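Structure record follows, encoded as structure tokens.
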Amino acid sequence: MGSSKEFVCYVLEQFYADCGVTHKSMFGEYGLFSAGKMFGMVCDDRLLVKPTEGGRAYIDEVVEAEPYPGGKPCFLIEEQLEDGEWLSELARITSRELPVPKARKRKKS
């Protein structure tokens with residue numbers, strides 16, 4: 001089923017500006033980025049955040065879900081979806097723990 005653009009915009013509006021959260025359409029769904037790192041996804045109108053130790057400690061009672069069949073489980077965010085301060089802190093914690101993306105090699109012509 002893909003996510004609606006309206007839901008993606010709603011989720012983005014919840015994050016504080018200092019998080020610099022952006023989105024990118026990917027495979028019919030959306031990746032969420034902060035500090036140049038993909039920290040979460042919006043899939044089937046659900047907010048999912050990549051699992052990290054700090055994120056797990058911050059969330060406390062974690063609910064996990066697959067973003068798509070066969071995908072690695074992520075933290076499913078439902079109850080705190082309207083809490084911008086909480087979501088922004090989760091984005092900061094998660095982004096700090098994720099590795100810097102590897103530079104892509106240019107294709108040789």
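A short reminder: the numbers here are calculations on the coordinates, not readings from a lab. What you are looking at is a predicted structure, and each value in this text was computed from that prediction instead of being measured. Cβ coordinates were reconstructed from backbone atoms using ideal geometry, including for glycine residues, and neighbour counts include every protein chain displayed.
If you line up the Cα atoms of the chain on their principal axes, what length do they span on each, largest first, in Å?
So the three principal-axis extents are 49, 31, 30 Å.
Show which aspartates and glutamates lie in cross-link reach of K72 when reach means a straight Cα distance below 15 angstrom and same-chain residues fewer than eight apart are skipped.
Counting by Cα, and skipping residues close in sequence, K72 has these aspartates and glutamates nearby: E64.
Please report the net charge: other residues with Cβ closer than 13 Å to the Cβ of E66, K and R +1, D and E -1.
Residues near E66 contribute 0 overall.
222 nm [θ] for the chain, helices only, -39500 (n - 2.57) per DSSP H run of 4+, per residue, to 500?
Helix-only estimate at 222 nm: -8500 deg cm²/dmol.
For S3, list long-range residues whose amide hydrogen, built 1.01 Å from N in the peptide plane, is under 5 Å from its own amide hydrogen.
For S3, the qualifying residues are D44, D45.
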